[in-house]
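Asks: Provided herewith is a single structure, encoded as structure tokens, for subsequent inquiry.
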There are 4 protein chains.
Amino acid sequence: MLLDASQSQLVLVDYQTRLMPAIFEAEAVAKNAVRLGEMARLVEVPIWGTEQNPSKLGENLPEIRALCQRTLAKMHFSGAEEGLGEWLRVPVKAPQGNARSLPKHLQKPAAAEERNTIVIAGCEAHVCLLQTALDLLEDEFEVWVVTDACSSRTERNRDAAFDRLAGAGAELVTTEMVGFEWLRTAEHPRFRELQALIR
Amino acid sequence: MLLDASQSQLVLVDYQTRLMPAIFEAEAVAKNAVRLGEMARLVEVPIWGTEQNPSKLGENLPEIRALCQRTLAKMHFSGAEEGLGEWLRVPVKAPQGNARSLPKHLQKPAAAEERNTIVIAGCEAHVCLLQTALDLLEDEFEVWVVTDACSSRTERNRDAAFDRLAGAGAELVTTEMVGFEWLRTAEHPRFRELQALIR
Amino acid sequence: MLLDASQSQLVLVDYQTRLMPAIFEAEAVAKNAVRLGEMARLVEVPIWGTEQNPSKLGENLPEIRALCQRTLAKMHFSGAEEGLGEWLRVPVKAPQGNARSLPKHLQKPAAAEERNTIVIAGCEAHVCLLQTALDLLEDEFEVWVVTDACSSRTERNRDAAFDRLAGAGAELVTTEMVGFEWLRTAEHPRFRELQALIR
Amino acid sequence: MLLDASQSQLVLVDYQTRLMPAIFEAEAVAKNAVRLGEMARLVEVPIWGTEQNPSKLGENLPEIRALCQRTLAKMHFSGAEEGLGEWLRVPVKAPQGNARSLPKHLQKPAAAEERNTIVIAGCEAHVCLLQTALDLLEDEFEVWVVTDACSSRTERNRDAAFDRLAGAGAELVTTEMVGFEWLRTAEHPRFRELQALIR
């Protein structure tokens with residue numbers, strides 16, 4: 001199955017200023033998180049953030065925080081334990097403006113509707129990202145984990161998280177997969193902008 | 001389950017002149033694509049090509065284009081969105097000529113019949129190859145992805161595509177597996193020619 | 001699904017003094033086994049040990065043996081063949097003392113109850129750990145294998161064990177995953193102590 | 001599930017003198033094949049061999065050929081296409097001699113019975129071993145592939161074979177796993193001899 005932009009929401013988990021310096025491949029991971037956020041904006045996918053104990057670990061990186069329409073502060077490792085699921089269940093009104101110029105698979109009636117496909121990435125992959133994603137799967141969301149925008153302090157813990165998420169039914173994808181599936185065609189009006197983000 | 005030449009068709013996706021220079025291990029991948037095409041000819045398996053936005057990315061490499069009976073130009077990343085499935089549904093008349101000399105598992109009645117087994121390879125593995133293969137799976141083809149004839153600009157994106165295709169029900173194979181399953185026996189009349197392609 | 005401390009028991013398999021010197025990455029593996037034991041104590045999870053033919057292979061490392069409430073001497077490679085399952089079926093009385101100060105998901109009625117979730121690690125991963133874990137799965141325990149606290153003399157045998165355990169329905173986790181799932185929140189009264197064990 | 005010696009047969013595929021020099025890690029692979037054969041003898045598991053087109057590729061290595069009670073010459077890549085399945089379906093009379101000294105799980109009534117568990121290894125992993133194993137799975141044998149006794153000319157083809165075999169329902173094991181599951185306990189009368197083969 002391919003990702004559908006009109007059904008998607010993006011969740012960016014705990015890219016926090018006092019956590020990232022300890023993360024394996026942090027720079028590449030943060031760059032992909034920003035790309036995901038910018039791609040989501042291009043195709044009008046809602047973007048949410050979470051922050052673990054921000055008084056201790058700091059806020060999310062400013063360039064990531066700025067992309068999120070809301071950011072959830074939490075003490076549980078799983079954002080779903082502190083209301084993330086409720087945020088994701090609120091019907092989102094589909095975009096109106098230039099809908100007529102969108103390709104057919106993006107033209108939806110303007111009525112507000114739930115978006116059940118959660119594209120998620122974050123740190124640490126084996127703690128907060130894992131626990132949040134597994135809880136969302138139990139709550140019957142479809143969960144797509146963007147592996148090249150996730151990491152942990154160690155590579156081994158990161159990879160163990162991916163194996164476990166795949167076993168639990170999450171779809172493992174990459175940043176580029178997400179972008180090209182949200183577009184579907186080189187004739188999408190945002191194709192050039194999205195391509196510029198990636199290459 | 002083993003591949004059956006009499007049920008197979010080969011699809012070669014987007015080995016384009018202006019795309020290949022950026023591809024990881026492009027030379028080996030293109031060489032395997034040519035081998036696949038030449039093996040398909042030996043056992044009379046139909047061969048199809050696709051090209052993504054050829055006015056921008058160029059045509060397929062000439063040695064690959066020459067092997068395909070038709071090549072589909074497309075703007076969607078998935079060839080299935082632009083009619084590839086229809087090409088693959090057209091009944092193919094089984095070969096007549098030297099059928100009596102073929103081993104038993106290749107001797108089929110000469111009536112035209114659909115071939116539901118799609119052997120597919122191409123670039124980029126995580127975009128056009130992935131989207132085409134997933135769509136063909138949804139259209140109830142059996143999809144066999146030849147991993148050593150597929151690639152992306154990065155190894156990580158390529159491997160993420162393979163994991164996702166396996167999870168969606170595609171069979172992951174190699175060029176040599178395809179050749180030896182199409183033959184099944186060293187007594188096949190084309191055994192020496194096929195072996196010469198591989199070694 | 002996430003680990004639940006109130007349903008868990010920990011089993012440490014054959015970290016024996018005359019076996020460990022031959023084990024791949026023995027030092028890191030033993031360190032994680034000790035961490036697991038100390039984390040289990042923090043959240044009042046029962047801890048059991050096994051020893052293969054201890055007259056030949058020696059007792060478990062003293063720091064590991066000291067953490068186990070009982071240690072099973074065995075001649076079968078699988079502890080389940082010599083009564084481990086019976087030990088694990090005995091209802092464990094839930095902790096009383098500071099239960100009121102525990103977070104909600106740890107507050108359980110004080111009645112004795114079975115704990116069906118077995119967190120297990122040990123050596124050699126592909127012999128005694130594997131055979132014990134597969135037998136516990138057949139006996140309908142939920143089995144969680146802590147991969148970074150398991151090893152064999154060779155890496156290849158170790159990894160083959162993990163693949164086989166995953167295929168048989170075990171959940172593969174890491175030491176840190178176990179700790180953070182037993183806690184669930186940074187507000188758990190033992191959070192600081194557990195964090196000190198890990199970092 | 002663990003291997004049961006009383007249900008097992010061993011098949012050694014195409015370790016041929018003119019093929020092995022081209023095989024990746026041939027020496028280690030042949031050594032494990034010999035170990036498997038010697039372990040099978042210790043626990044009275046029947047041993048069969050196959051040879052692909054032996055007039056071209058030579059016979060199996062003499063130390064392997066000597067372990068097999070019969071060796072099947074074939075032209076099909078799959079031994080199952082040329083009668084291997086029939087050999088494996090013949091009831092085998094259980095050993096009598098020292099049965100009373102065997103541990104309980106090896107004491108079976110002496111009546112001849114089919115052994116449905118096929119432990120298999122050989123070369124090339126992605127051609128003859130793969131096609132034979134997949135055919136045996138279709139014929140409803142339980143197939144256990146001993147990965148460290150299998151290889152191909154290239155590592156990539158070898159590993160692709162293992163992934164495909166696992167996906168088709170084969171159990172992937174190592175030489176040591178097989179030995180220790182056939183024994184089950186350090187009190188097995190052949191324990192010391194088997195241990196001497198491995199270490």
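Any read-out appearing in this document is the output of simple, stated calculations on the displayed coordinates, not a laboratory observation. Nothing here was measured: the structure is a model prediction, and the numbers come from that model. Neighbour counts run over all protein chains shown; Cβ positions are idealised from the backbone, glycine included.
Asks: For a quick check of your reading of the filter: which GluC sites (Glu not before Pro) in the stretch B:163-199 sit in a DSSP loop and have no more than 15 other Cβ atoms within 10 Å? List each step's numbers first, then the result.
Replies: Working: sites: B:GLU171, B:GLU176, B:GLU181, B:GLU187, B:GLU193; in loops: B:GLU187.
Qualifying residues, ordered by number: B:GLU187.
Asks: From the residues A:VAL119, C:MET1, B:MET177, which one has its Cα farthest along the dipole of the protein assembly as shown in the positive direction, the dipole being from +1 and -1 charges on Cβ of Lys/Arg and Asp/Glu about the Cα centre?
Replies: Selected residue: B:MET177.
Asks: Hey, another quick one. Identify, among C:LEU10, C:ILE64, D:LEU88, the residue whose Cα sits farthest towards the positive end of the charge dipole of the protein assembly as shown, taking +1 on the Cβ of Lys and Arg and -1 on the Cβ of Asp and Glu, with the dipole about the Cα centre.
Replies: Farthest towards the positive pole: C:ILE64.
Asks: Which distances in nm, rounded to one decimal and ordered from shortest, link the label point of D:ARG156 to the equivalent label points in the other identical copies, with labels set 7 Å from Cα toward Cβ?
Replies: Taking the point 7 Å beyond Cα along Cα→Cβ, the inter-copy spacings are 2.1, 2.1, 2.9 nm.
Asks: Determine the dipole magnitude for chain B: charges of +1 sit on the beta-carbon of Lys and Arg, -1 on that of Asp and Glu, nothing else is charged, the reference point is the Cα centre, and the result goes in debye to the nearest 20.
Replies: Numbers: 22 positive and 29 negative charges, 138 e Å.
My answer is approximately 660 debye.
Asks: Ranked by Cβ crowding within 10 angstrom, fewest neighbours first, how are B:VAL29, D:VAL13 ordered?
Replies: Details: B:VAL29 25, D:VAL13 33.
Least to most surrounded, the residues fall as B:VAL29, D:VAL13.
Asks: Might you report the magnitude of the Cβ-based charge dipole of the stretch C:111-190 about its Cα centre, with Lys and Arg at +1 and Asp and Glu at -1, to the nearest 20 debye?
Replies: Working: 7 positive and 16 negative charges, 66 e Å.
Magnitude of the dipole: close to 320 debye.
Asks: Taking 2.2 N^0.38 Å as the expected size of a compact globular protein, what ratio does the Cα radius of gyration of the stretch D:34-76 give against it, to two decimals?
Replies: Working: Rg = 11.1 Å, N = 43, 2.2 N^0.38 = 9.2 Å.
Normalised Cα radius of gyration, the stretch D:34-76: 1.21.
Asks: Using alpha carbons only, how many degrees (0 to 90, rounded to 10) separate the axis of helix A:26-42 from the longest principal axis of chain A?
Replies: Helix A:26-42 sits roughly 30 degrees off the main axis of chain A.
Asks: Please give the FRET efficiency for C:ASP159 paired with D:GLU187, using the beta carbon to beta carbon distance and R0 = 45 Å, rounded to the nearest 0.05.
Replies: Numbers: r = 29 Å, r/R0 = 0.65.
E(calc), rounded to 0.05, equals 0.95.
Asks: Take the Cα gyration tensor of the stretch A:1-69, multiply each eigenvalue by 5, square-root it, and list the three semi-axes largest first, rounded to whole angstrom. Don't skip to the answer; put the middle values down first.
Replies: Working: eigenvalues 107, 33, 19 Å².
Taking √(5λ) for each eigenvalue gives 23, 13, 10 Å, largest first.
Asks: Given +1 on the Cβ of Lys and Arg, -1 on the Cβ of Asp and Glu, and no further charges, what dipole in debye does the protein assembly as shown carry about its Cα centre, rounded to the nearest 20?
Replies: Values: 88 positive and 116 negative charges, 189 e Å.
Taking the Cα centre of the protein assembly as shown as origin, the dipole is about 900 debye.
Asks: Right, next: Which angle between 0 and 90 degrees, to the nearest 10, do you get for helix B:155-167 versus the longest principal axis of chain B when only C-alpha atoms count?
Replies: 50 degrees
Asks: Another question, if that's okay. How high is the relative contact order of chain B, in percent, with contacts defined as C-alpha pairs under 8 Å that are six or more residues apart? Numbers along the way, then the final one.
Replies: Working: 368 pairs, mean separation 53.6, N = 199.
Across chain B, relative contact order equals 27 percent.
Asks: Given a Förster radius of 60 Å and the C-beta distance between D:GLU25 and A:SER55 as r, what FRET efficiency does 1/(1 + (r/R0)^6) yield to the nearest 0.05?
Replies: Details: r = 55 Å, r/R0 = 0.91.
Step by step, r from the Cβ atoms, then E = 0.65.
Asks: If the viscosity is 0.890 mPa s and the temperature 25 °C, what translational diffusion coefficient in µm²/s does Stokes-Einstein give for the protein assembly as shown when Rh comes from Kirkwood over Cα pairs? List each step's numbers first, then the result.
Replies: Details: Rh = 28.8 Å.
It diffuses with D of about 85 µm²/s by this estimate.
Asks: In addition: Shortest first and in nm to one decimal, what separations exist between A:GLY58 and its copies in the other chains, measuring from label points 7 Å along the Cα-to-beta-carbon line?
Replies: 4.5, 4.5, 6.3
Asks: Please arrange A:PHE162, A:PHE180 by how many other C-beta atoms lie within 10 Å of their C-beta, fewest to most. Before the final figure, lay out each step's value.
Replies: Values: A:PHE162 20, A:PHE180 28.
Sorted ascending by nearby Cβ count, the order is A:PHE162, A:PHE180.
Asks: Could you please tell me the mean projected area of the C-alpha convex hull for the stretch D:121-165, averaged over all directions and given in square nanometres to one decimal?
Replies: Values: hull surface 10.5 nm².
For the stretch D:121-165, averaging the hull's shadow over all directions gives 2.6 nm².
Asks: How many Cβ atoms of partner chains, on average, are near each residue of D:124-130 if near means within 10 Å of its Cβ? Could the numbers behind the result be given before it?
Replies: On the way: counts 3, 0, 6, 6, 1, 0, 5.
The shielding value for this peptide is 3.
Asks: Taking the label point as lying 7 angstrom from Cα along the Cα-to-Cβ axis, what are the distances from D:THR17 to the corresponding position in the remaining copies, in ascending order and in nanometres?
Replies: Label-point separations across copies, in nm and ascending: 5.3, 5.3, 7.5.
Asks: Sort B:ASP135, D:ASP4 so the one with the fewest other Cβ atoms within 10 Å of its own Cβ comes first. If you can, show how the numbers build up before the last one.
Replies: Values: B:ASP135 21, D:ASP4 15.
The fewest-first ordering by Cβ neighbours comes to D:ASP4, B:ASP135.
Asks: Debye sum, Cα scatterers, chain D, no solvent: what log₁₀ I/I(0) at q = 0.07, 0.08, 0.11 1/Å?
Replies: Log10 I(q)/I(0), no solvent term: -0.18, -0.24, -0.45.
Asks: Taking the Cα-to-Cβ direction at B:GLU138 and at C:MET75 and moving 7 Å from each Cα, how far apart do the two end points lie in nm?
Replies: Going by the 7 Å Cα→Cβ label model, 6.1 nm.
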